[in-house]
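Nothing in this text is a laboratory measurement; each read-out follows from the coordinates by a stated rule. All figures in this text were calculated on a predicted structure; none of them were measured in a lab. With ideal geometry, Cβ positions are generated from the backbone for all residues, glycine too; neighbour counts draw on all protein chains shown.
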Amino acid sequence: MSIASLADRIRPRTRLRAARSHWSARRHALPDFLILGTQKGGTSSLFDYLTALPGVITSATKELHFFTKHSVSNFYDNHGLDWYRSQFPLRSELRQAGAITGEATPRYMYEPLAMTRIARDLPDSRWIVILREPIERAQSHYEMMTGFGKEQRSFTDALHDDLKVFIASTSTASASAPTRYDNLDYLERGIYTQQLSVIAGLRPGIPTLVLFSEHLFAGDPTSFSLLHSFLGLPEPEANRFPHSRRGQGTTTIDPIARERLATFFTENNAGLAELLQSDRFVTVDPTTWPDWVHRGHLPRAPSEDGLIV
């Protein structure tokens, strides 16, 4: 048999397998909601909380990373939306249970490309963001990377080096396009105004829910009620939030370094309170926000001049 005739016999079978795979994938649902981040803000706890509710059937894996460029397997380009669908329950299963489905990948809100892809491919999905005091978030991030064996520097040295990288990247690239993929980006992940501004510009008619880590772990009933309402779920029976892999912030920071970190985040998150009060976001009453959200003044260019001493 010639190679050409063999190829002619194989090609229809390949197309048939692809058609069957596509048909099978179409039986699965796309997510109703996505937890976009922030990393070390309580996304694992929120995912576990929602997974335990009778009206929610989440993806089997928490962090699918489908839309991110950071994904090692690059599922978005190599496998496409059919693979993504296959990670969620069957539509018939959700209908029978009267449930919704979703996933959580904390990197999504940090990566503009991922958010652009999500807005295009899942235009009706509901988006959830959790914010955490950025110094505590950076501490927890550092401790996670230390635990993974990917960080050997002291916290002070790591922040000082990270500031150098941040200054270099912001001087040569768009402020809305993070380029860090080494997972050692302790500072930039806490610049929430930059990330939320990208989100706000993608779907003007569909608000994003913003919650605060401090409220959720304190069992704030208003936050839980808002979460359930946003997802179309019954009122919560209890406001208990599981502490799932959340860093406790045990790293020691020099008082002077902490003060300068606070200044760094205050300057780079200037305008956060005003942004959250726009019609692009749904959140709890601003009078109940954590104090760090309200801090802010006119931003100035970051300086390497002794953030950490």
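Between ARG27 and LEU233, what's the calculated FRET efficiency when r is the beta-carbon distance and R0 is 22 Å? Round to 0.05.
For ARG27 and LEU233, the calculated efficiency is 0.35.
If you rank ARG91, ARG260 by fewest surrounding Cβ atoms within 10 Å, what's the result?
ARG91, ARG260
Mark the label point 7 Å from the Cα of VAL282 along Cα→Cβ and return the residues of segment 23-55 whose backbone N is within less than 20 Å of it.
30-38, 43, 46-55
Quick check on the exposure proxy: order TYR192, TYR108 from fewest to most C-beta atoms within 10 angstrom.
TYR192, TYR108
With a/c under 1.5 counting as rounded, go ahead and sort segment 33-294 into rounded, prolate or oblate using the C-alpha gyration tensor (a ≥ b ≥ c being the square roots of the eigenvalues; past the cut-off, prolate if a/b is larger than b/c, else oblate).
prolate
To the nearest 0.05, what FRET efficiency results for ASP157 and SER225 with a Förster distance of 35 Å applied to their C-beta separation?
0.20
Want the number for ALA168 to ALA52: 0.36 nm per residue separation, take away the alpha-carbon distance, what's left?
Length difference between fully extended and current span is 37.4 nm.
For GLU274 and THR252, FRET efficiency with R0 = 51 Å and r from the beta-carbon atoms, rounded to 0.05?
0.90
Need one number: nm distance between label points at LYS69 and ASP291, each 7 Å from Cα along Cα→Cβ, rounded to one decimal.
Placing both labels 7 Å along Cα→Cβ, they lie 3.9 nm apart.
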